[in-house]
Structures are given as C-alpha cells and as structure tokens.
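A short worksheet on the structure shown next.
We did not get these values from a lab; they are worked out from the coordinates using the rules stated. This is a predicted model, so every value here is computed, not measured. Cβ coordinates were reconstructed from backbone atoms using ideal geometry, including for glycine residues, and neighbour counts include every protein chain displayed.
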Amino acid sequence: MANNNKEDIINLSDIPESYQKYLDEIYTISHKKRGGWVSNKELAENLDVKPASVTGMLEKLQRAGLILWKPRKAIRLTEKGKRIAIQLNETHELLYTFFEKVLKIDDMDLVEKISCEIEHHISIDVKNSLKEFLSNYLG
C-alpha cells in the first residue's frame, strides 16, 4: 500500500482466514497472467482443493464484495479484495525478512511456511511495528 488512508486499511481479523487464503492466491495467480483473470481450475490446483470447494468459496467471496465472478467464468478481485491481498503480501514479506535476516533461519522452506501461516493473524498495528523495527534493524 502506497498510502495509509483509513479506507485502505482493513482489519484482517474481520476477514475469515479461509477467505484470506483464497484472496491471496487469486492475487498471486492474477499477477502472473495478462489481463489478471483467474480460472476456478487454476485456483483449485494451486490451493490443492476440489473445484466444488472453490465454487462454494467463490460464492462467499462474491457475496462479501471481494471478487468479481460468475459461475463458469473467470475471477478477478474487487478493489476491497485487492487491498486485503496487498496487505497480506506486505505482511508476508515483512515476516519473511524478519525470519530470514533477524532470526537468521536458513531453511527457506520453513521461513516461507511460517510466514504464510502467521500473516493471517497480524494486525495492522503489529505489521506497522514490524515494518518500523526492520527499517531500524536493517538500516
């Protein structure tokens, strides 16, 4: 997030973790594709879930105003969905840096795994404190 307007800040604790995982994955896939649209199949494969499970979650995400989607059509994040995904990605990067550079954990698979697990539980205040700490620590 380039700025921290109140409307840009979403309290991730208000968004179910299952929603966050889907939004994060849609965001990741969309950035690898021209046009940014994601298919149910890609999502199912990347999350290692059945297509029927994806459809059920997409219906929930659409009702929550987090994605643009119609059954058997491609998926795209709404602005709100994108803000959540960006916030998750920023938190993930901060955690990854913390575990790798501060705690000096050499196992990158472990660093990735714990960063992914923890990112969903970090409040905006903790994220900002971690960002400030890393800025001071790493110079």
If a paramagnetic tag sat 7 Å from the Cα of residue 100 along the Cα-Cβ line, which residues of the stretch 115-139 would have the backbone N under 13 Å from that point?
115-116
Please work out which option in [x] 1.13; [y] 0.99; [z] 1.07 gives Rg/Rh (Cα atoms, Kirkwood Rh) calculated from these coordinates, and answer with its label.
[y]
GluC sites (Glu not before Pro), restricted to the stretch 81-138: which are DSSP loop and have at most 10 other Cβ atoms within 10 Å?
none
With unit charges on the beta carbons (Lys and Arg positive, Asp and Glu negative) and the dipole taken about the Cα centre of the stretch 83-138, which residue among 137, 118, 95 sits farthest to the positive side?
137
Between residue 17 and residue 116, what length comes free when the chain is fully extended (0.36 nm per residue of separation minus the Cα-Cα distance, one decimal in nm)?
34.5 nm
